[in-house]
1. Can you list residues from other chains, or at least 5 along the same chain, whose modelled amide H is less than 5 Å from the amide H of A57?
2. Could you give the length gained on full extension between I58 and F233, defined as 0.36 nm per residue of separation minus the Cα-Cα distance, in nm?
3. List the trypsin sites (Lys or Arg not before Pro) in segment 207-250 that DSSP assigns to loop (not H, G, I, E or B) and whose Cβ has at most 16 other Cβ atoms within 10 Å. Which are they?
4. Going 7 Å from the Cα of F104 in the Cα-to-Cβ direction, what parts of segment 48-84 have a backbone nitrogen less than 13 Å from that spot?
5. Students often check this: by mean Cβ neighbours within 10 Å, which of 95-105, 162-172, 131-141 ranks highest, and how do the rest follow?
6. Cut-off under 21 Å on the C-alpha distance; same-chain residues fewer than 8 positions from K112 excluded. Which lysines are left, in chain and number order?
7. Where Rh is the Kirkwood radius over the Cα pairs of segment 213-261, the temperature 25 °C and the viscosity 0.890 mPa s, what D in µm²/s does Stokes-Einstein return?
8. Suppose the chain between I32 and L15 were pulled fully straight at 0.36 nm per residue; how much longer would it get relative to their current alpha carbon spacing?
Amino acid sequence: MSKESIEKIQRKLELITQKWWFFLIFILVQFIIPPYASKGYEWAEMGTVTGEILSHAIVFDYPALYPIFKIVPIMLFISIGFFRNRVTRLFSIYAAITYVLFAFLQSIAVTKKYGLGIVTINLIMFLVVAAFWFWEAVAKKNDFTPQKRPLWKYWVVPLAFLAFWYPVNPDTLMPDFNPIYLLTNVAGLTFCMMTPAYLAILTLYYPKVNIATLRVTSLVGTIIGFYNMMTNFLIDPGKLWWNGVLHIPLVVISIYALVLSLKSKKSEPI
């Protein structure tokens, strides 16, 4: 694909993703795409079905993979500091692959009550995000060249680190700051814990990043973060409050990144 073609597609993506109707579509589909369950369910059970699928997602069946998806991103994050733009494409491809994994591993489960279940809307949204990261691997708009930044912009780093660490006891769901979790828990294979890290990096190099990818990733992050705030703090706060705290990085970094993406100079129609 020629450079001119890539630039033309990029401008179109930036133009489309800044339209009001683009955001409206993402909001409306939350209400019109229900979860799937092979054994069926009543409309009133929709929330229960979603919770059952997410809590029994197939990602929990593959703990042997957890260290891989902790060590590899750590190596990638470090390599950005040393190799800069030489790892731009590799970073984007890795992010894209993980979003595909989030889509299938976190959105699908086999439960006794509902059979095969799929949180369809999450599956679709995560795959859309993956597509934008794959596109960035082609467009290479992310520029990791060192640049002077105000110190305050680094506020995203400790929050993203907390999410990536995900210091929670898997049995009690209470705080557990065991450093081994940096290398062993499920966080590396979850949308909610990895998205803050990806967005944090993009915000630190903003505005020399792929604005369309930043915008779509942060939009979906904001939506998923809102759901988690509702679930963890309103539905079962006694059990899930700490899990809710650990989802705050997703919410605040996603909103921050979304605002940055909308502040960026608007693309002109082609």
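Every read-out reported here was derived from the displayed coordinates using simple, explicitly stated rules and does not represent laboratory data. Here the structure is a predicted model, which is why all the values come from computation and not from measurement. Methodologically, a virtual Cβ is constructed for each residue, glycine included, from the backbone with ideal geometry; neighbour enumeration extends over all protein chains shown.
1. none
2. Values: separation 175, 0.36 × 175 = 63.00 nm, distance 2.47 nm.
Difference between extended and current length: 60.5 nm.
3. Numbers: sites: K208, R215, K239; in loops: K208.
Passing sites in segment 207-250 are K208.
4. 58-59, by backbone N distance to the label point.
5. Working: 95-105: 21.1, 162-172: 16.5, 131-141: 19.4.
The packing order, highest mean first, is 95-105, 131-141, 162-172.
6. Qualifying lysines at Cα under 21 Å: K39.
7. Working: Rh = 10.8 Å.
My calculation gives 228 µm²/s for D.
8. Working: separation 17, 0.36 × 17 = 6.12 nm, distance 2.54 nm.
Computed gain between I32 and L15 is 3.6 nm.
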